[in-house]
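The values are calculated or read from the model by the stated rules, or taken from the named source; none is laboratory data. Since the model is a prediction, treat every value here as computed from it, not as a measurement. Reconstructed Cβ throughout: ideal geometry from the backbone, glycine too, with neighbour counts over all protein chains shown. These area figures cover heavy atoms from the full protein model, side chains too; ligands, DNA and RNA do not enter into them. Shrake-Rupley method; radii C 1.70, N 1.55, O 1.52, S 1.80 Å.
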Amino acid sequence: MIHRFVSYIGTSKESSIDEPIGEHLSSLDSGLRVMTMFVHSDSINVTSVARELSCSRSSAYRILNTLRNRGIVILGPTGRGYFPGPVLLDLARPRGLDLEDRARLLPVLRRAVDITGETVHVATLVGTQVLFFDGIEPDRPVRATLQQGYLRPAHAISAGKLLLSQLTDDQVRALYPIPRLAKVTPWTIDTVTGLLDELATIRRTCQAFSRQEAAVGLCGTAVALPGRSWRERVALCATVPHDRGDDASLVATQVGLLEAAAALT
């Protein structure tokens, strides 16, 4: 998780250039460069920081101590290495997954299943994956199976595309630096360009659908749940068998999800 978060910091357009853009603070830049070292290392030390920044060991120590004072890094158990601190770990952790949050969302889940008659999950974005962290199945013979605890490619599922649409195009490109995307089924979007086009449509229409893109025979739709901060990005999503996945049925299912989500305060 921490690698995914810091990797985003280290893969933006601005961080990939040799010369800084406009006015900047070199001391702050040094601290951010130290943070991005956790992309490839579980721990760092004074020597590795001094080598990365081409600075003296005393300067490297002062930078690390400044980050330590802010909770960005902590000393390791031996007192020699530095590890991601509580602030960095908290920034890397998706919001909305605690027991208190899940209890808050449970009535919405139940209501959504009652209204739609379909399998409903709550999901969050973890890097380029969607995590289904809770869900309920309806009491009907033909239904999508529960996928609680599963990870699915965000570009191949309605909840993932909905959550990605809440990011800017530059943020999405940073998450997907390679132009080609994994093709899970014959219907999966397989290019970043195609994904950005669909995200633009979702932003314009406020509708997110998937049609056999993550699994053959399954379709879905998703709506955003109101969060208490920008970091609490959670989607309510319904998964339906393909024979109930025509356009009209998916729109009706989305309306049911919106009705259930409206009860969340």
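Please specify each residue of the stretch 64-91 satisfying the condition of being open to solvent by 40 Å² or more (accessible area, probe 1.4 Å) and over 30 Å from Glu232 (Cβ atoms).
Scanning the stretch 64-91 gives Asn65, Leu75, Pro77, Thr78, Gly79, Arg80.
Take the stretch 113-130 and flag every residue that is part of a helix (DSSP H, G or I) and open to solvent by less than 20 Å² (accessible area, probe 1.4 Å).
Correct list: Val113 only.
Just checking, which of Arg140, Arg110 is open to solvent by 30 Å² or more (accessible area, probe 1.4 Å), under 25 Å from Glu259 (Cβ atoms) and in a loop (DSSP other than H, G, I, E, B)?
The match here is Arg140.
Considering the stretch 151-161 alone, what residues qualify as being hydrophobic (A, V, I, L, M, F, W, C) and either more than 11 Å from the chain's Cα centre (by Cα) or surrounded by fewer than 20 Cβ atoms within 10 Å (Cβ to Cβ) (or both)?
Leu151, Ala156, Ile157, listed by residue number.
So, of the residues in the stretch 109-143 that are over 24 Å from the mean Cα position of the chain (by Cα) and of a type in the set (A, V, I, L, M), which turns out to be farthest from Leu236 (Cα to Cα)?
Per the stated criteria, the residue is Val142.
Can you name the number of the only condition in (1) open to solvent by 50 Å² or more (accessible area, probe 1.4 Å); (2) aromatic (Phe, Trp, Tyr); (3) in a strand (DSSP E or B) that Phe133 fails?
(1)
Only one residue in Leu199, Leu264 is farther than 21 Å from Leu109 by Cβ and in contact with a helix residue (DSSP H, G or I) (Cβ under 7 Å, 6 or more places away or on another chain), so which one is that?
When all the criteria are applied, what remains is Leu199.
Do you know which residues across the stretch 165-187 are touching a Ser or Thr at 6+ places or on another chain (Cβ under 9 Å), closer than 15 Å to Ala214 by Cα and not small (Gly, Ala, Ser)?
Hits for the stretch 165-187 are Leu181, Trp187.
Answer yes or no: is there a residue in the stretch 206-215 that is among the polar types (S, T, N, Q), within 23 Å of Val122 (Cβ to Cβ) and open to solvent by less than 40 Å² (accessible area, probe 1.4 Å).
Yes, the stretch 206-215 contains a residue that is among the polar types (S, T, N, Q), within 23 Å of Val122 (Cβ to Cβ) and open to solvent by less than 40 Å² (accessible area, probe 1.4 Å).
Which one is modelled with the highest pLDDT among residues in the stretch 162-183 that are open to solvent by 70 Å² or more (accessible area, probe 1.4 Å) and within 23 Å of Cys219 (Cβ to Cβ)?
Lys183
Which condition does Gln148 not pass, out of (1) open to solvent by less than 70 Å² (accessible area, probe 1.4 Å); (2) under 21 Å from the mean Cα position of the chain (by Cα); (3) of a type outside the set (Gly, Ala, Ser), if it passes all the others?
Condition (1) is where Gln148 drops out.
How many of the residues in the stretch 23-48 are over 29 Å from the mean Cα position of the chain (by Cα), within 21 Å of Pro77 (Cβ to Cβ) and in a helix (DSSP H, G or I)?
Residues meeting the conditions: 3.
So is Thr221 open to solvent by 40 Å² or more (accessible area, probe 1.4 Å) and either at pLDDT below 95 or under 29 Å from Leu91 (Cα atoms) (or both) or not?
Criteria not met by Thr221.
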